[in-house]
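Below is one structure, written out as structure tokens; the observations come after it.
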Amino acid sequence: MHVSQAEFLEGISGFLGSYYLALGAMNAIAALYVWSSLKKNGLALCWLILALLFVIISPLAYSGRPELIQFISMPESIRNFVDQYMATAFVYSTVTLLSLVVLYQFREFFVKPVVAWLMLNAALLVMGLSMADSDFAAIVTKPDNVPIVAMVFLLGYFTWLATYKAVQNDQRMAQGLEPLEALDQEKVLVWPDLVYIEMICMVVLTAVLILWAIGLKAPLEEAASGVKTPNPSKAPWYFLGLQEMLVYFDPWMAGVVLPSLVVFGLMAIPYLDFNKAGNGYYTINQRKFAYSIFQIGFLEMWVTLIILGTFLRGPNWNFFGPYEFWDAHKVEALNNVNLSEYFWVRGIGTALPKAPEGAGAGTTLLYIVWRELPGILLVFGYLAVMPPLMAMTVFRKFFVRMGFIRFMVMSNLLLMMGLLPLKMVLRWTINLKYIINIPEYFLNL
Amino acid sequence: MPPIGEIIRNSQIWKSVFRHPMPVDRRNRIVVMLTNFFLHLHPVSIQKQGIALSYTWCMGGVTFFLFLVETVTGVLLMFYYRPTLEWAFHDILSLRDDTSLGILREIHRWGAHAMVITVWLHMYRVFLTGSYKPPREFNWVVGVILLLLTLLLSFTGYLLPWDQLAIWAITVGSNMARATPFLGHEGPGAQLLQLDGVKMITDGSDARFGLLGARFVGEETLNRFYVLHCVAIPLAVSLLLAIHFWRVRKDGGISGPM
Ligand code: HEM
């Protein structure tokens, strides 16, 4: 599978060249739009220059010659830095979370069309520069992974669009005006206004699908074999967030309990969110709580984990940097420790409690409970003590408005959702394996 | 002689199908919405904001369109595909190598990926506009089930090519079922389900066995997933879609500021 660098560049040069041409065209169109519709000549000139820059580098890519392409590759030093110092689940999660927080906090700045356009260009440029790296390209261009790259950009675009409208609405409503959506209340006939939109959508989509199908072959590997296990073995991409959770939880949690709770929690949203504001228009300020929880769940804990599972998890589910070769022999030292061991062995300095030889089932069970008592108490405290505590402190107003049952459902859902980041942090900081570890009954948490 | 278009539109056949003149004036634009089976999903008139692309992103509509594309290409694929260990992989191979118009499988596969993405985006927009709030709570619930079924459709279809990618992805995905609390033979609590000391939950009777029809991904699984993928789930999705669309109308049309 390993091709030489020259061969690789030869193969990718056509794609890269067209890629930069497309970026040039994209900026040229933007320039045209800004100039003719918005009448901002200075800005139009900026986008035009950007377009020209992209057009100028495209022949470098087309040439396919290593000595030219090196000018439009991600510098070796950056690649090594990313692979060496940033390629851990800890850094990855922290960086994505912090970026989301920064984007959220300074959303009024980031949604400005000029800023957003620059960020898009930067993202596309990083993408292009990285594509000149064979290990990066190998993973990103796997046919089944291409849609995920598309999804990342689509999500970015729509998140920008929604935030842009929310920021506008929030500013208007702060001045006592109605949201923008309220200005368009006039009725129009569905034929032609909507029917035509639908028609055009269908034509465009059909064209996109056909082009996509011609350009990218559906993957087909060797015939199935029950004995040859590929490494890594990955679930379909939309379940990779769940597979990633297997690092921190046993299958009964990662594969059954938590996904069920995701579905249940989603269904419960309309019945838990008692906030009447923000129905039928984009807003953030009027529903900050619901908004933040949803975004943490969707963007950080679902989408980000899928990206991690798809692009950065290689053989043996080890973490690989984006420019790193997927070496099946990479070993990661795993010396995770259970809470019971921390408590009994390292804390108190005795051996783990163990039932005497030949003890009955009941006694054995008692010993197991005794052994795992610290974890059991901790989990019990988390799930039973936290909700009332929340109701009395930060969520007092929620409790009053929601009533007992709804509040209990919400707080428990939040706590279950919080288990994942908690477990992640415990793993990264103190190498904690299980809080409760009862392999005798397949009950590990 | 009148133009050919007019002759067609004045013929008895045309009139029997459409029953009204071309929708070029206000009256007939209303009539077309009321008398056409497909268009009667829609109201006759709608608030401008409800059809703004920047509001709905048209994502629900795109998802529905992709579902239709998948149905059509799926039926065509079924012409070429036999869900048995002997033929499955072979049929996909010849579909790739010997069939004219060889992009059928591509359209179906990329359409499926796209549908998963657009259904997420649709949910995202419904959330961000707060459109799940009263009176649309229940339609959100219907939507969540649709989301789940979309993922299951994609998941069951993933197995059918019967290549390495397929069986191992399904193996990894379905292995989790073995750890279902109480119902999986490696799940917490399964040991408690015993009758006279005989375990009720074994690897031959647990949740994963029910899903796969066997102890590992094999011929029974292929058959099971084929039936789920081509018949059961599409039927369920169709029914739920009907409810979903009907509820959009009954809940007062596309949401907007009160
Ligand atoms: C197969 C999947 C689905 C299809 C084909 C579908 C289709 C549609 C369509 C065509 C609309 C009209 C407005 C629009 O296009 O946005 C709509 C509205 C709606 N959908 Fe879906 N949907 C699906 C899944 C979902 C999911 C996953 C959810 C939420 C979890 C959801 C919740 C809703 C709600 C609440 C509305 C009303 C929105 C409003 O009035 O603004 N749907 N759906």
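The values are calculated or read from the model by the stated rules, or taken from the named source; none is laboratory data. Being a predicted model, the structure only gives us computed values, none of them experimental. Every residue, glycine among them, receives a Cβ derived from its backbone with ideal geometry; neighbour counts consider all protein chains shown. Just the protein is used for accessible areas: all its heavy atoms, side chains included, with ligands, DNA and RNA removed. Shrake-Rupley method; radii C 1.70, N 1.55, O 1.52, S 1.80 Å.
Annotations for the structure displayed:
- All positions within the range A:88-102 that are buried (at least 18 other Cβ atoms within 10 Å of the Cβ) and not small (Gly, Ala, Ser): A:TYR92
- Residues of the range A:268-297 satisfying the condition of being within 13 Å of B:VAL126 (Cα to Cα), in a helix (DSSP H, G or I) and facing chain B (nearest Cβ under 7 Å): A:ILE269, A:PRO270, A:PHE294
- The range B:25-50 - residue that is aliphatic (A, V, I, L, M) and more than 8 Å from every other protein chain (Cβ to nearest Cβ) and, of those, farthest from B:HIS122 (Cα to Cα): B:VAL31
- Qualifying residue in the range A:181-197 (condition: more than 9 Å from every other protein chain (Cβ to nearest Cβ), out of contact with any helix residue (DSSP H, G or I) (no Cβ under 7 Å at 6 or more places or on another chain) and not acidic (Asp, Glu)): yes
- One residue stands out among those in the range B:9-61 that are touching a residue at least 40 places away in the same chain (Cβ under 8 Å) and open to solvent by 40 Å² or more (accessible area, probe 1.4 Å): the one that is nearest to the ligand (Cβ to nearest atom), which is B:LEU41.
- Filter pass, A:GLY362 being among the small types (Gly, Ala, Ser), in a helix (DSSP H, G or I), surrounded by fewer than 17 Cβ atoms within 10 Å (Cβ to Cβ) and modelled with pLDDT of 90 or more: no
- Number of the condition not met by A:LEU308 [criteria: (1) within 14 Å of chain B (Cβ to nearest Cβ); (2) open to solvent by less than 20 Å² (accessible area, probe 1.4 Å); (3) of a type in the set (A, V, I, L, M)]: (1)
- Boolean, B:LEU53 is within 11 Å of another protein chain (Cβ to nearest Cβ) and under 21 Å from B:VAL126 (Cα atoms): yes
- The listed residues are A:TYR33, A:TYR20, A:TYR85, and the only one of them that is over 28 Å from A:LEU305 (Cβ atoms) and open to solvent by 70 Å² or more (accessible area, probe 1.4 Å) turns out to be A:TYR33.
- Qualifying helices (runs of 4 or more DSSP H) (wholly inside the range B:24-141; at least 2 residues being over 17 Å from B:LEU153 (Cα atoms) and not assigned by TED's automatic domain parsing to the domain that holds B:VAL217): B:26-35
- Within the range A:95-151, being within 23 Å of A:PHE298 (Cβ to Cβ) and of a type in the set (S, T, N, Q) holds for A:THR96, A:SER99, A:GLN105, A:ASN145.
- Just so you know, in the range A:229-247 the residues that are in a loop (DSSP other than H, G, I, E, B) and within 7 Å of chain B (Cβ to nearest Cβ) include one that is most open to solvent (accessible area, probe 1.4 Å), and it is A:THR229.
- The residue list B:LEU151, B:LEU146, B:LEU85, B:LEU95 contains one member that is crowded, with 21+ Cβ neighbours inside 10 Å and either at the interface with chain A (Cβ under 10 Å from one of its Cβ atoms) or of a type in the set (A, V, I, L, M) (or both), which is B:LEU146.
- Hits in the range A:377-397 (condition: touching a residue at least 24 places away in the same chain (Cβ under 8 Å) and either small (Gly, Ala, Ser) or surrounded by fewer than 18 Cβ atoms within 10 Å (Cβ to Cβ) (or both)): A:LEU378, A:VAL379, A:TYR382, A:LEU383, A:MET386
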